[in-house]
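These notes concern the structure reproduced below.
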Amino acid sequence: MSELARNAGYGRNERLKSALLQHRALSLEGLSERLFGLLFTGLVYPQIWEDPAVDMEAMELCAGHRIVTIGSGGCNMLAYLTRAPESIDVVDLNPHHIALNRLKLATFRHMPSHADVARFLGGDNMASNREAYQLFLEPRLEDATRDYWNGRDMRGRRRIGVFNRNIYRTGLLGRFILLGHVVARLHGLDPRDFVKCRSLREQRQFFDTRIAPLFDRPLIRWMTSRKASLFGLGIPPQQFDELASVNDGRSLAPVLRQRLEKLACHFPLKENYFAWQAFGRRYPSRYEGTLPDYLRAENYGAIRDNAARVRVHHANFTELLAAKPAASVDRYVLLDAQDWMNEEQLNALWTEITRTAAPDAVVIFRTAAEKSILDGKVSSRLLDLWTYERDRSAALGMKDRSAIYGGFHIYRKKP
């Protein structure tokens, strides 16, 4: 065989090998995307992991505002009601989140007192909650919501029974936190010990000496280099690649360490119910710390009185906005949904946001990475109509007690 023929054969083999490797990568990427989508068909977030106090400050939320928000666990929507907005449209494509949002609203509207609400939505091992549901809520729920909570889970138990236990230990995120606890215990650390800290100094010492070293362990570095292991945090495969690209070895261990440090060390434990859920897998008692805004006694009356102003829609954000008249929305809350969107979806969304935005409208959202997802993806024709409040976004992002996201972003409609 001539040298030319051998080289030609070698070239064909290399091209074939390259094509097979590319096909394998695309197949794995597609499998990862499908697994991510499958996991998100169940209950994902029984508690929302965006700080509503930061949201309300960023939006300068006032009485009379018209809000469109993604539902998720529903905690933010309930907190917004303390500011007496004119209306809140809640959208979500996940039927489990829809049922949970509607049940939480019904709880405020029909339970007899704040103590009953706090016991039902914030309790841990409250054996009477199922009876409270049957007495006060079940007769007043619309058919679809009642059928959902009276239905059975995969283990054959009635779904409403989860409120007798602790709903915040369920869902995709609740199970991800459980997995984190199991891995920590395998390395000799019980994360529940963190809630015994009594000062920021003790919190810092606990993190530096007991939690931080875990991120150097081979098992944890291996796990955090696998996309599927972090789906429970809501990190889609494409966002994993972006986060991992800034670290050596394509592991997210350094990123997770940094964000867990913020959660553990930047806020007093008694003021951060997100840390209680992460480390204690429950809310604090009245003697241990403060509850979420929507469960605090001083907010109960406002939420109860304004609960009828909320409409919950099984739809996506763009579809809902397309049905609204121009200049009819004052505030938009996108959570981290844009991290999952392609350029076509982003432009369709921002076309409707811009059309429906009232004067001085505000959009807020979060991203897994630090930078805004919009730059280079959304048409400049649309973005030129908005002002990105970069410095204010960064300052308020530092105040987000959930500490799970890399970026917080505020866009205001130009006059």
query: Under a point-charge model restricted to the Cβ atoms of Lys and Arg (+1) and Asp and Glu (-1), what is the dipole moment magnitude of the range 130-201 relative to its Cα centre, in debye to the nearest 20?
result: 380 debye
field: Global form of the range 367-415, assessed from the alpha-carbon gyration tensor, a/c cut-off 1.5
entry: oblate
- request: Over the alpha-carbon set of the range 301-387, divide Rg by the Kirkwood Rh and report the Rg/Rh ratio to two decimals.
  value: 1.00
- line: Under the 7 Å Cα-to-Cβ spin-label approximation, His187 and Asn342 lie apart by a distance in nanometres of 3.8 nm
- request: Among Ala323, Leu269, Leu346, pick out the residue whose Cα is farthest towards the positive end of the charge dipole of the range 267-347, where Lys and Arg carry +1 and Asp and Glu carry -1 on C-beta, about the Cα centre.
  value: Leu269
task: Measure of size requested: the Rg and Dmax of the range 269-352, with Cα atoms as the atom set and Å as the unit; please supply both.
output: 18.1, 50
- request: Could you look at the range 261-328 and say what percent of its accessible area is carbon and sulfur, using a 1.4 Å probe and all protein chains?
  value: 49 percent
statement: Mean shadow area (nm²) of the C-alpha convex hull around the range 115-154 is 3.4 nm²
message: From the C-alpha coordinates alone, can you work out the Kirkwood hydrodynamic radius of the range 262-410, in Å?
response: 17.7 Å
- prompt: How much length is gained on full extension from Glu319 to Arg217, taking 0.36 nm per residue of separation minus their Cα-Cα distance?
  reply: 32.2 nm
field: Unit charges at the beta carbon, dipole of the range 116-213: most positive-side option, Leu186, Leu173, Ala127
entry: Leu186
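The values are calculated or read from the model by the stated rules, or taken from the named source; none is laboratory data. Not measured: the values here are computed from a predicted model. Every residue, glycine as well, gets a Cβ built from its backbone with ideal geometry; the counts of neighbours run over all protein chains shown. Side chains included, ligands, DNA and RNA excluded: accessible areas come from the protein's heavy atoms. Shrake-Rupley method; radii C 1.70, N 1.55, O 1.52, S 1.80 Å.
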